[in-house]
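Below is one structure, written out as structure tokens; the observations come after it.
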Amino acid sequence: MRLLQVSLRSLLLYSLVLVLISIPVSLFSIREILNEEVDESLSLNADQFLKHIKSFEYLDDLETDLKVLDQLSYNIHIKPTHENIVGNYQTVVLFDSTEHEQRPFRQLSSSVDIKGNLYLLTVRMSTVDNDDLVLAIGSVQAALIVLLATGLLLLNRSLSRKLWKPFYKTLNQLKAYELDKNESIKTEKTSIIEFDDLNKTISHLTDRNRKVFLQQKEFIENASHELQTPLAIFQSKLDILMQSPVLAEVEATTIMELESTAKRMARLNKNLLLLSKIDNEQFTDTEEIELSSLANDLLSDLRPLAQMESISIVTALQPLLIIANKTLIELLLTNLFHNAIRHTTLDGNVFVQLQEGTLKITNSGGPLKMETDKMFERFSKESLSENSTGLGLAIVKKICDTCAYQLKYSFFNESHTFSVSF
């Protein structure tokens with residue numbers, strides 16, 4: 001079936017508005033109908049009273065009898081008048097002596113001719129019962145509206161959940177979808193044509209993007225593998241040339257530059273291959289790792305490098321036992337430590353802290369020139385050094401995403417801080 005042009009919520013709103021408008025209209029109509037019934041009763045009572053009076057017109061003291069009747073009667077009053085009034089119906093509020101309170105009455109006022117004299121005949125009838133009836137009907141209608149509104153709201157909620165369930169299921173799958181994972185979006189056949197078209201389009205789009213992604217990943221992996229052998233041969237040939245005793249100084253310098261370039265290409269190729277392996281989830285073996293001990297061991301190897309730049313490394317490491325792949329954790333820590341040392345100013349310091357499940361690496365240095373959001377992208381680098389491949393922080397980010405660690409960066413008071421929450 002196709003979705004309605006007007007949503008269920010709008011339909012519910014229109015229905016409630018119509019019902020709310022119908023309440024005063026229906027109450028007004030009921031009151032008018034009741035007034036018509038009362039008016040008919042008043043007219044009938046007036047006719048019967050006049051017929052009764054006509055039968056006593058032969059009495060000589062009829063006027064005195066009418067005065068007495070006016071005083072004794074509760075709902076019928078008659079008194080002399082000079083005005084000619086014909087069938088005047090109206091609603092009045094008068095004091096009820098029996099109930100001792102103001103009460104509404106419906107009355108008929110009409111002038112009548114008795115023995116050639118003009119009298120004003122007034123017939124009244126209490127409408128309290130009618131008002132109570134209208135109030136009761138209004139209360140019932142109000143209760144019905146509450147029940148109707150509640151029922152419509154529950155029905156709308158139930159239908160909306162049922163109607164939009166396929167949409168939100170697909171939406172949640174899209175939110176959780178990751179291109180580098182092996183899972184694909186699984187859509188179900190629905191009774192709604194629009195949702196089926198949407199699901200087909202989404203499945204086609206995600207499958208196409210995943211296919212392109214896998215092709216690119218496969219290309220990078222194959223290229224990295226294929227480049228390893230030529231790079232190794234190139235490196236070995238350069239080593240042989242450097243050992244030649246007949247090299248001139250210019251030639252030796254050129255060979256050293258070529259060797260430096262070859263080493264950089266080898267590191268770049270190694271990092272690309274590493275990223276490809278992480279994407280392919282090849283680091284699945286896990287073990288217990290004492291993080292503080294591992295960090296101390298890695299920092300011990302890096303202290304000579306830091307001392308060459310007069311950089312001091314200070315640590316405050318609390319014991320922390322985690323379960324993870326040791327190779328990935330070593331890569332994570334090594335890249336973060338190397339990054340901190342590489343970007344620390346001369347005679348600066350690096351502070352490594354492990355506390356409450358969070359590792360913080362802080363190094364002194366000036367503000368970044370690049371945007372913070374691009375820091376973890378591949379081939380984005382702040383340093384102009386030829387030794388930097390621009391993949392270190394990208395590897396860190398990839399490892400954190402793979403292991404579900406939280407990675408944050410901040411800059412405050414001339415200090416850069418990277419934090420990883422395990």
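The values are calculated or read from the model by the stated rules, or taken from the named source; none is laboratory data. These numbers were taken from a predicted model, which means no experiment stands behind them. All Cβ positions, even for glycine, are placed from backbone atoms using ideal geometry, and neighbour counts span all protein chains on display.
What to note about this one:
- For the range 326-348, filtering for residues that are free of Cβ contacts under 8 Å to residues at least 60 places away in the same chain and either farther than 23 Å from Asn271 by Cα or not aliphatic (A, V, I, L, M) (or both) leaves 12.
Here is a yes/no grid of residues against (1) over 24 Å from the mean Cα position of the chain (by Cα); (2) among the small types (Gly, Ala, Ser):
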{"position": "Ile137", "(1), (2)": "yes, no"}
{"position": "Leu147", "(1), (2)": "yes, no"}
{"position": "Leu155", "(1), (2)": "no, no"}
{"position": "Ser158", "(1), (2)": "no, yes"}
{"position": "Tyr177", "(1), (2)": "no, no"}
{"position": "Lys189", "(1), (2)": "yes, no"}
{"position": "Ile193", "(1), (2)": "yes, no"}
{"position": "Leu198", "(1), (2)": "no, no"}
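- Note on the range 183-200: among residues that are touching an Asp or Glu at 6+ places or on another chain (Cβ under 8 Å) and either closer than 23 Å to Leu214 by Cα or surrounded by 14 or more Cβ atoms within 10 Å (Cβ to Cβ) (or both), the one that is modelled with the highest pLDDT is Asn199.
- Qualifying residue in the range 266-282 (condition: at pLDDT 80 or above and either polar (S, T, N, Q) or within 30 Å of Thr344 (Cβ to Cβ) (or both)): no
- Tabulated pairs, the range 208-231, first surrounded by 12 or more Cβ atoms within 10 Å (Cβ to Cβ), second modelled with pLDDT under 75 and among the acidic types (Asp, Glu), C-beta under 6 angstrom, 6+ apart or interchain: Lys217/Asp279
- Filtered by the rule that a residue be over 23 Å from Ser292 (Cα atoms), of a type in the set (Gly, Ala, Ser) and out of contact with any Gly (no Cβ under 8 Å at 6 or more places or on another chain), the range 343-374 gives a lone residue, Gly366.
- Top-ranked residue in the range 155-176 [being of a type in the set (Ser, Thr, Tyr) and closer than 21 Å to Leu205 by Cα; ranked as surrounded by the most Cβ atoms within 10 Å (Cβ to Cβ)]: Thr170
- Within the range 294-325, tally of residues that are without any contact (Cβ under 8 Å) to a residue 24 or more places away in the chain and either under 43 Å from the mean Cα position of the chain (by Cα) or under 18 Å from Thr358 (Cβ atoms) (or both): 1
- If you go through the range 356-376 and keep only what is on the phi > 0 side of the Ramachandran plot and in contact (Cβ under 8 Å) with a residue 60 or more places away in the chain, you end up with just Gly357.
- Residue check, Ser293 of a type in the set (Gly, Ala, Ser), surrounded by fewer than 17 Cβ atoms within 10 Å (Cβ to Cβ) and not in a helix (DSSP H, G or I): no
- For Tyr168, the requirement of being out of contact with any helix residue (DSSP H, G or I) (no Cβ under 8 Å at 6 or more places or on another chain), of a type in the set (Ser, Thr, Tyr) and either farther than 21 Å from His77 by Cβ or not assigned by TED's automatic domain parsing to the domain that holds Pro80 (or both) is met.
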